[in-house]
Amino acid sequence: MVKIIITIPAMEKKFIRFFDELTIKDVPMVGGKNASLGEMYQKLAKKGIKVPNGFATTSYAYNFVLERSGLKEKIKEVLKDLDTKDVHNLEERGAKIRNLLLNAPLPKEFEDSAIEAYKKLSKEYNVASLDVAVRSSATAEDLPDASFAGQQDTYLNIKGEKQLILAIRRCIASLFTNRAISYRTDKGFDHFSIALSVGVQKMVRSDLGSSGVMFTIDTESGFSNVVLINSIYGLGENIVQGKVNPDEFYVFKTTKSIISRSIGQKKIKMIYNNKPETPTKDVDVDLKDQKKQSISDEQVLQLAKWGMEIESHYKRPMDIEWALDGKENQLYIIQARPETIHSVRDYNILEEYVLEKKGNIVAKGQSVGNKIGMGEVNRIMDVKDIDKFKSGQVLVTDMTDPDWEPIMKIASAIVTDKGGRTCHAAIVSRELGIPCIVGTNDASEVLKPGSKVTVSCAEGETGYVYEGELGFKVNTTNIKELKRPNTKVMMNIGAPDLAFASSFIPNDGVGLAREEFVIANAIKVHPLALLNFDKIRDAGVRKQIEEITYGYEDKKQFFIDKLAEGIAMIGAAYYPKDVIVRLSDFKTNEYANLVGGQEYEPIESNPMIGWRGASRYYDEKYEAAFALECLALRKVREEMGLKNVKVMIPFCRTVDEGKRVLAVMSKNGLKQGKNGLEVYVMAEIPANIILAEKFAEVFDGFSIGSNDLTQLTLGIDRDSGILNIAGVSNEKNEAVKTLIRYLIEVGKRTKTKVGICGQGPSDFPDFAQFLVECGIDSISLNPDTVVKTTIAIKEQEDKMKKRKAK
């Protein structure tokens with residue numbers, strides 16, 4: 001057991017402390033939550049951060065209650081044969097202790113002090129009986145490895161002396177909820193080395209506004225240069241309990257701009273009920289409001305500013321609760337505690353979970369963490385049935401709350417219908433290191449009890465539940481000793497939701513960011529169908545587009561915003577390193593597969609060498625759609641401030657074609673050279689290399705697309721898969737290598753950068769060594785091959801250095 005010695009000086013033997021009497025040093029007296037509220041109330045007001053006033057009962061008061069009532073020895077007796085692995089044993093002992101605490105009268109001295117403080121707080125706000133939030137705060141909580149998240153109770157809209165005293169009694173009893181007893185036992189805390197402080201704080205009228213949670217670090221990857229904000233309508237309990245799928249915003253700290261937003265369903269909200277026995281209730285949210293952001297962009301940025309200031313004050317990443325008062329239209333911070341997962345992680349150890357094969361997807365939602373788990377489905381829809389859960393099973397439920405913690409810790413994975421990435425299930429599974437998928441909407445309906453499934457959170461923002469136990473492996477790499485070569489080692493990134501996690505791999509930026517991933521997965525609709533939405537006659541297509549562009553009246557703005565956000569997530573992840581974004585390079589058959597696309601795409605017998613890349617951008621049939629790409633990139637660079645984002649033109653057949661594309665870009669405000677904008681060209685057609693000196697006069701750099709270059713040099717259709725001749729069908733063919741060697745030579749002569757972003761160096765380390773021998777400036781690799789290829793590149797550079805020395 002961890003013994004925490006609480007020493008209270010004689011002058012601190014008081015029952016009550018107001019926030020202006022508390023600082024963060026007072027955790028032993030009033031717990032982490034209340035000490036932090038006092039710290040912020042006193043020290044951050046000058047920065048404009050608003051914290052509602054309140055007071056806290058002290059650890060002295062808690063111990064006074066136990067000693068005066070004689071309950072301490074009785075509680076010890078009940079816990080004598082505690083077994084937290086036996087759910088019935090835990091439930092029985094927890095209930096006994098809570099009954100003891102709830103039925104024992106509070107000492108009059110303590111009760112009088114609490115009522116006097118409540119009257120004083122009410123007077124400050126000019127009301128006879130103030131509505132307050134009453135929260136529990138354990139004195140050992142929020143240590144670096146023990147968050148105690150949600151382990152004790154909270155009561156909202158408490159009004160009047162009688163309700164206040166009842167809520168305080170319930171909070172004291174909640175130190176011995178089943179979940180709290182289990183949690184302390186697992187963490188090695190002695191039950192009597194911890195005291196319970198009760199925080200009483202003026203309620204913020206978020207029942208008339210909005211509320212949410214803010215992290216000053218990405219909760220999934222640990223990427224520290226963003227603020228993540230979740231927001232819902234009404235009181236904040238619904239976001240923690242996972243009843244509502246929230247709005248989600250990412251703000252990039254460096255440029256103080258919103259780089260991503262997604263609108264949650266927000267179907268219900270918690271409001272005042274004004275009945276003593278049930279002071280709050282849930283009501284439906286109008287469909288129109290569901291489609292809107294629950295807070296404005298200005299409020300998102302205000303919260304992010306406060307979050308960064310709070311983080312700076314505490315000198316560590318923070319987990320913050322906030323509320324928007326609908327009466328005052330004023331934001332408040334109502335809680336702040338240290339983030340306890342990623343801030344203590346060793347980032348020198350890279351751990352990658354990889355599925356050995358993929359199967360039939362039976363459910364999907366938001367992934368929490370990056371792990372994989374598998375096992376037998378056990379669907380439990382009510383906490384009273386948790387004794388039916390067995391270790392190693394996959395817990396499937398509607399949502400969880402802290403009472404579920406005893407079985408969550410023994411699950412191989414957790415899947416919920418509701419909730420976002422800051423709900424209880426997400427917070428606890430993250431802390432436990434268990435893969436979790438939240439917000440699936442229908443997992444409890446489609447996953448059959450007893451069936452075997454694989455739960456994968458290793459594929460980005462979307463988590464997948466696969467049919468059957470598919471098997472997986474874990475690749476672990478210690479990057480602390482990895483030596484960096486002179487050749488730049490960059491990365492190929494497609495899915496923006498993988499960018500933050502991949503950024504921890506040693507790298508020199510992104511050599512290829514593919515727009516196609518964003519368009520296919522986040523936008524899904526053909527850009528011309530969005531531009532011509534009012535002319536679409538097919539009712540099915542119109543309905544699909546309406547559902548996809550949920551919340552957007554202006555359909556073209558949907559394309560601009562979502563493409564910009566996808567690019568911005570990658571740009572921010574690697575800032576200030578170069579991020580080279582390739583303009584869309586779908587083929588006609590791929591464009592046709594987008595919603596509404598068939599009306600705008602011709603049928604080609606060989607789309608691989610058809611209407612693709614540069615030839616589309618200035619064509620009158622597509623130029624208006626290409627303009628949306630330009631506006632998205634302009635938004636990323638100018639509005640979001642990510643000037644490290646550069647542009648690359650694919651499949652540019654002639655020098656004149658390149659000039660025509662640059663002219664269209666310039667017409668749409670994306671001008672080469674403006675604010676340092678560099679424009680690269682893909683070197684993937686033999687003509688690009690044969691005329692390399694002329695292309696170098698137009699573009700700032702080349703990026704070799706080795707897949708297409710191999711195809712067009714050797715006359716192989718890489719889409720067909722029929723022709724696969726050893727030594728012919730890959731980049732290692734001598735003809736392909738000769739072209740690459742020549743391009744690098746031209747680059748040296750003309751002082752034009754030359755990199756490669758094709759598959760070759762990722763697949764063949766010896767091909768990467770050949771490129772180093774030629775003197776290439778940068779090699780861009782798939783994230784999973786960066787470490788091993790970096791080692792091969794460094795070895796080749798060392799060999800060359802030795803040869804030169806001789």
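The values are calculated or read from the model by the stated rules, or taken from the named source; none is laboratory data. The structure displayed is predicted, hence computed values, not measured ones. When we count neighbours, we look across all protein chains shown, and the Cβ atoms used for this are built from the backbone with ideal geometry, even at glycine. Just the protein is used for accessible areas: all its heavy atoms, side chains included, with ligands, DNA and RNA removed. Shrake-Rupley method; radii C 1.70, N 1.55, O 1.52, S 1.80 Å.
Antiparallel as a % of all DSSP beta bridges within segment 278-421, to the nearest 5? Antiparallel bridges: around 55 percent, rounded to the nearest 5. Counting only DSSP beta bridges with both residues in the chain, the antiparallel share comes to about 65 percent. Tell me which residues come under 5 Å, amide H to amide H, from Phe472 once H is placed; ignore anything under 5 positions away on its chain. Counting only residues 5 or more places away or on other chains, the set is Glu356.
The order of the peptides 185-191, 427-433 by mean Cβ neighbours within 10 Å, most packed first, is 427-433, 185-191. Once you reduce segment 583-624 and segment 66-102 to the center of their Cα atoms, the two points are 69 Å from each other. Taken one residue at a time, the phi angles of segment 245-260 give Karplus couplings (6.51, -1.76, 1.60, θ = phi - 60°) of 7, x, 5, 9, 10, 10, 10, 7, 5, 5, 9, 6, 10, 6, 9, 7 Hz. Gly and Pro are set to x. Checking the a/c ratio against 1.5 first, then a/b against b/c, what shape does the Cα gyration tensor give for segment 478-553? It comes out prolate by the Cα gyration axes. Using just its DSSP H runs of length 4 or more, each adding -39500 (n - 2.57), the chain gives a mean residue ellipticity at 222 nm of -10500 deg cm²/dmol after division by all residues. Summing charges over all other residues whose Cβ lies under 15 Å from the Cβ of Met308, with Lys and Arg as +1 and Asp and Glu as -1, gives +1. Between Asp346 and Asp186, the modelled label-to-label distance comes to 2.2 nm, taking each label 7 Å out from Cα in the direction of the beta carbon. The overall shape of segment 147-262 is oblate: from the C-alpha gyration tensor, with semi-axes ordered a ≥ b ≥ c, the ratio a/c is 1.5 or greater and a/b is no larger than b/c. Reported to the nearest whole Å, the Cα centre-to-centre distance from segment 367-385 to segment 466-530 is 27. Angle of helix 297-314 to the longest C-alpha principal axis of the chain, folded into 0 to 90 degrees and rounded to 10: 70°.
On the chain, 49 percent of the accessible area sits on carbon and sulfur atoms, based on a 1.4 Å probe.
Once Rg/Rh (Cα atoms, Kirkwood Rh) is worked out from the coordinates, which option in [x] 1.02; [y] 1.07; [z] 1.05 does it equal? Looking at Rg/Rh (Cα atoms, Kirkwood Rh) for this model, the match is [x]. Counting only alpha carbon atoms, the long axis of helix 555-574 and the longest principal axis of the chain meet at about 80°. Couplings for segment 736-742, taken from phi via the Karplus curve 6.51 cos²θ - 1.76 cosθ + 1.60 with θ = phi - 60°, read 5, 5, 5, 5, 5, 4, 5 Hz in order; Gly and Pro are left as x. Here's how it looks for Met648: its modeled amide H is under 5 Å from those of Val581, Arg582, Leu583, Tyr680, which are all 5 or more places away or on a different chain. Placing Glu623, Glu590 in order of accessible area, with the largest value first and a 1.4 Å probe, yields Glu590, Glu623.
For segment 202-336, the dipole from Cβ point charges (+1 on Lys and Arg, -1 on Asp and Glu) about the Cα centre works out to 120 debye, to the nearest 20.
For segment 124-137, 3J(HN,Hα) computed residue by residue from phi via the Karplus equation (6.51, -1.76, 1.60; θ = phi - 60°) reads 4, 9, 6, 9, 6, 9, 6, 7, 10, 9, 10, 10, 8, 9 Hz, glycine and proline entered as x. Solvent exposure of the chain, expressed per residue, is 41 Å² of accessible area, with all protein chains present and a 1.4 angstrom probe.
Along the axis of the charge dipole computed for segment 374-418 (Cβ charges of +1 for Lys and Arg, -1 for Asp and Glu, origin at the Cα centre), the listed residues Met381, Thr416, Gln393 are led at the positive end by Gln393.
Taking amide H as placed 1.01 Å from N in the peptide plane, Ile704 has its amide H under 5 Å from the amide H of Ala683, Gly755, Ile756, Cys757, each at least 5 places away in sequence or on another chain.
Quick check: from the Cα gyration tensor, does segment 170-220 come out rounded (a/c under 1.5), prolate or oblate? Because a/c hits 1.5 or more and a/b fails to exceed b/c, segment 170-220 counts as oblate. Taking a straight line from the alpha carbon of Lys659, these lysines sit under 23 Å away, with near neighbours fewer than eight places off in the same chain left out: Lys587, Lys621, Lys635, Lys643, Lys646, Lys667, Lys671, Lys674, Lys694, Lys748, Lys751, Lys753.
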